[in-house]
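Some notes on the structure that comes next.
The values are calculated or read from the model by the stated rules, or taken from the named source; none is laboratory data. Keep in mind that what you see is a predicted model, and the values were worked out from it rather than measured. For neighbour counting, all protein chains shown are included, and Cβ atoms are generated from backbone atoms with ideal geometry for every residue, glycine included. Note: areas computed on protein heavy atoms with side chains; ligands, DNA, RNA excluded. Shrake-Rupley method; radii C 1.70, N 1.55, O 1.52, S 1.80 Å.
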Amino acid sequence: MCGLSGEIRFDGRPADPTAVERMNEQLEGRGPDGQGTWHRGPVALGHRRLKIIDLTDRGAQPMTDARGELTGVFNGCVYNYPELREELRALGHRFESTSDTEVVLKAYRQWGTDCVDHFKGMFAFAIAEHRTGRLVLARDRLGIKPLYLAHTPGRLRFASTLPALLAAGDVDTSLDPAALHQYLSWHATVAAPRTVLNGVRKLPPATVRVVEPDGTHRDHCYWQPSYTRRDEYAGMSADEWRDAVLEALRTAVRRRMVADVPVGVLLSGGLDSSLIVALLADEGQRGLKTFSVGFESEGGEEGDEFAYSDLVAGEFGTDHRRLMVPSHRVSTALEGAVAAMSEPMISHDVVAFHLLAEQVSKEVKVVQSGQGADEVFAGYHWYPRLADTTREDEPRRYADTYFDRSHDDVARILRPDLVPGHDVSGRFVDAHMAVPGAETALDAALRLDTHVMLVDDPVKRVDNMTMAWGLEARVPFLDHELVELAAACPPELKLADGGKGVLKAAGRKLLPVEVVDRPKGYFPVPAIRHMAGPVLQRVREALEAPEARRRGLFRPSYVSELLAAPDAHRTRRGNNALWQIALLEIWLQTHGIKH
């Protein structure tokens, strides 16, 4: 819900409101319903509004507290804001709107930085304290809502997207070798706080950053569930776990219906999105709008799963729309999808989500989506391979199973001066696995996937592609209370039945058996997976462009080898190697990055 931006100066100069206005303009897609800026001394804030809660002008931002002590901008939704408003009223606070933004400001005034512990939702916010000159930045527990940062001497800028920071100007756009290493190792994932640009960083999830007027700051990580078996769940049977998961998911789905506009569902026909539809129907929702997308077949691969989404829509009587995208539209849609990317992303469903969001945004402003279930409930095929290893051997097994490439392979691809002197991606995994709080090797892998890889791949993908069209996507499987429950669930219950066993057991209580027991599906875009037609032509243009030759990111012999056989080279994880390097170059060119 919206886009935010801002600047704080540390050198005695006033903030630059024109730079904030440039960022605001770039964020228009995220907030087409209104805009505003505010500045006072060294601080300036900007906001683009998508009207979902409190549709009146009283919900406009930047919002200043009635006492004139705080001004804030907020992106996302605090789903329990009605309950918090009543709690804060009982504590003596008065409200002038029915917006969750005002609840955030009053909660900060009441509890300070501890206010985040009271929020159930997805959010990023910036609050300026008028009296102290302090700026507080925060991000939700699972990093569903983004917050990018650009430090330069004497100044910090921040925004909901990386391109907005570029629009403000004066960003170091040289490439970060460690981030490039992660990009090539983890199928385009770059973990917070890094991005591929040296001059842009991300506030990590579950983090509050307090920025002092002199430029110093302190971070507080306010949430990290334990991936251990907890006493309160001791002795629970498989059926009791099934019922607990189903009830927690029901609560998560119900929370995400909070809005002053209709809420739809992105329905792929898989278990996860189908469960959302079933639970909403069980809650009495009628005429629920659901949406699916499919693509033409290429290379013998089917490009749609309409049979399953149609089945679910029929079972629960939804108002269903399906969008079939011809292959020639994929290449033209690719440009818009890349422009919407805050960071380069290679997953095929980026284009699918961008096209789907364009159509869905014409009918609703809010949708629920099934992202996150595979990481939270161990749905991917590689998890069983990780379950039978020791904690000591886990980092090596994880790398063998998950990484696209080894460090040596990365070194053979990149220009030599961009290759780090050691395996930075491997060391990141080693360090993460060694942190206390995970009982088994699988618990450690799920913790890494849920709190790192998920945040900067599928979660970011869905936010970028939907918000580009002013469509807010809500993800009930990333409700933090559901994630806490799943983290405590015995691994064998998650691994059962080919993965997501406890979730499939819950699904059998509500869904047709064909949906629960179907083979695992993905969001296929065959024209990209098989480098077909216009997509391949776009890839060649990007890699042979003068900018690419000047930049020289990749060894020419490697690029030539890939272009000679576009569909023949796959990474360990099965990703098209040509697509991965080309997408990075397309992204750099699209966003005007010269280095």
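Of the residues 199, 264, 269, the single one that is in contact (Cβ under 8 Å) with a residue 24 or more places away in the chain, in contact with a strand residue (DSSP E or B) (Cβ under 8 Å, 6 or more places away or on another chain), closer than 29 Å to residue 99 by Cα and not charged (D, E, K, R) is 264.
Only one of the numbered conditions (1) loosely packed, with under 15 Cβ neighbours inside 10 Å; (2) on the phi > 0 side of the Ramachandran plot; (3) of a type in the set (A, V, I, L, M, F, W, C) is not met by residue 378, and that is (1).
When the helices (runs of 4 or more DSSP H) confined to segment 414-471 are screened for residues that are in contact with a strand residue (DSSP E or B) (Cβ under 8 Å, 6 or more places away or on another chain), in contact (Cβ under 8 Å) with a residue 24 or more places away in the chain and surrounded by fewer than 22 Cβ atoms within 10 Å (Cβ to Cβ), those reaching at least 1 such residues are found at 441-448.
Check whether at least one residue in segment 47-55 is within 20 Å of residue 209 (Cβ to Cβ) and part of a strand (DSSP E or B), and report yes or no. Yes, segment 47-55 contains a residue that is within 20 Å of residue 209 (Cβ to Cβ) and part of a strand (DSSP E or B).
In the list 559, 515, 502, which residue meets the criterion of being modelled with pLDDT of 95 or more, β-branched (Val, Ile, Thr) and out of contact with any Cys (no Cβ under 7 Å at 6 or more places or on another chain)? Let's see the steps before the verdict.
Details: 515 fails: modelled with pLDDT of 95 or more; 502 fails: out of contact with any Cys (no Cβ under 7 Å at 6 or more places or on another chain).
So the residue among 559, 515, 502 that is modelled with pLDDT of 95 or more, β-branched (Val, Ile, Thr) and out of contact with any Cys (no Cβ under 7 Å at 6 or more places or on another chain) is 559.
Of all residues in segment 347-375, those satisfying the criterion of being open to solvent by 10 Å² or more (accessible area, probe 1.4 Å) and farther than 13 Å from residue 473 by Cβ are 347, 348, 358, 359, 362, 363, 374, 375. The C-beta contact set for segment 218-235 (first residue touching a residue at least 12 places away in the same chain (Cβ under 8 Å), second residue outside any strand (DSSP E or B) and open to solvent by 70 Å² or more (accessible area, probe 1.4 Å), distance under 6 angstrom, 6+ apart or interchain) comprises 228/439.
Determine which member of the set 137, 166, 156, 184 is part of a helix (DSSP H, G or I), of a type in the set (A, V, I, L, M) and in contact with a Leu (Cβ under 8 Å, 6 or more places away or on another chain).
Testing whether each residue is part of a helix (DSSP H, G or I), of a type in the set (A, V, I, L, M) and in contact with a Leu (Cβ under 8 Å, 6 or more places away or on another chain) leaves just 184.
Filtering 375, 363 for residues that are touching a residue at least 40 places away in the same chain (Cβ under 8 Å) and under 17 Å from residue 452 (Cα atoms) leaves a single hit, 375.
Residues in segment 44-60 that are open to solvent by less than 10 Å² (accessible area, probe 1.4 Å) and either under 16 Å from residue 151 (Cα atoms) or in contact with a strand residue (DSSP E or B) (Cβ under 9 Å, 6 or more places away or on another chain) (or both): 44, 45, 46, 47, 50, 52, 53, 59. Being open to solvent by less than 20 Å² (accessible area, probe 1.4 Å) and either farther than 30 Å from residue 177 by Cα or of a type in the set (Gly, Ala, Ser) (or both) holds for only one residue in 252, 234, and it is 252. Among the residues making up segment 560-595, those that are open to solvent by 40 Å² or more (accessible area, probe 1.4 Å), without any contact (Cβ under 8 Å) to a residue 40 or more places away in the chain and farther than 23 Å from residue 550 by Cα are 568, 569, 570. Could you say whether any residue in segment 316-326 is among the hydroxyl-bearing types (Ser, Thr, Tyr), over 30 Å from residue 537 (Cβ atoms) and part of a helix (DSSP H, G or I)? The answer is no, given that none of the residues of segment 316-326 is among the hydroxyl-bearing types (Ser, Thr, Tyr), over 30 Å from residue 537 (Cβ atoms) and part of a helix (DSSP H, G or I). Do we have residue 18 as surrounded by 15 or more Cβ atoms within 10 Å (Cβ to Cβ) and of a type in the set (Val, Ile, Thr) here? So residue 18 does not fit the description; no. Residues in segment 527-581 that are in a helix (DSSP H, G or I) and among the small types (Gly, Ala, Ser): 527, 533, 542, 548, 557, 560, 564, 577.
All told, residue 18 falls short of being within 15 Å of residue 63 (Cβ to Cβ) and either assigned to a loop (DSSP other than H, G, I, E, B) or hydroxyl-bearing (Ser, Thr, Tyr) (or both). The residues listed here are 96, 102; of these, the one that is in a loop (DSSP other than H, G, I, E, B), over 26 Å from residue 169 (Cβ atoms) and either in contact with a helix residue (DSSP H, G or I) (Cβ under 8 Å, 6 or more places away or on another chain) or at pLDDT below 95 (or both) is 96. No other residue among 86, 129, 28 is within 28 Å of residue 264 (Cβ to Cβ), among the acidic types (Asp, Glu) and at pLDDT 95 or above apart from 28. Residue 152 satisfies every condition listed in (1) open to solvent by 10 Å² or more (accessible area, probe 1.4 Å); (2) among the hydroxyl-bearing types (Ser, Thr, Tyr); (3) touching a strand residue (DSSP E or B) at 6+ places or on another chain (Cβ under 7 Å) except (3).
Among the residues of segment 482-511, which ones are among the aliphatic types (A, V, I, L, M) and open to solvent by 10 Å² or more (accessible area, probe 1.4 Å)? Correct list: 485, 493, 495, 496, 505, 510, 511. Every test in (1) closer than 30 Å to residue 364 by Cα; (2) in a loop (DSSP other than H, G, I, E, B); (3) open to solvent by 50 Å² or more (accessible area, probe 1.4 Å); (4) modelled with pLDDT of 95 or more is passed by residue 286 save one, and that test is (4).
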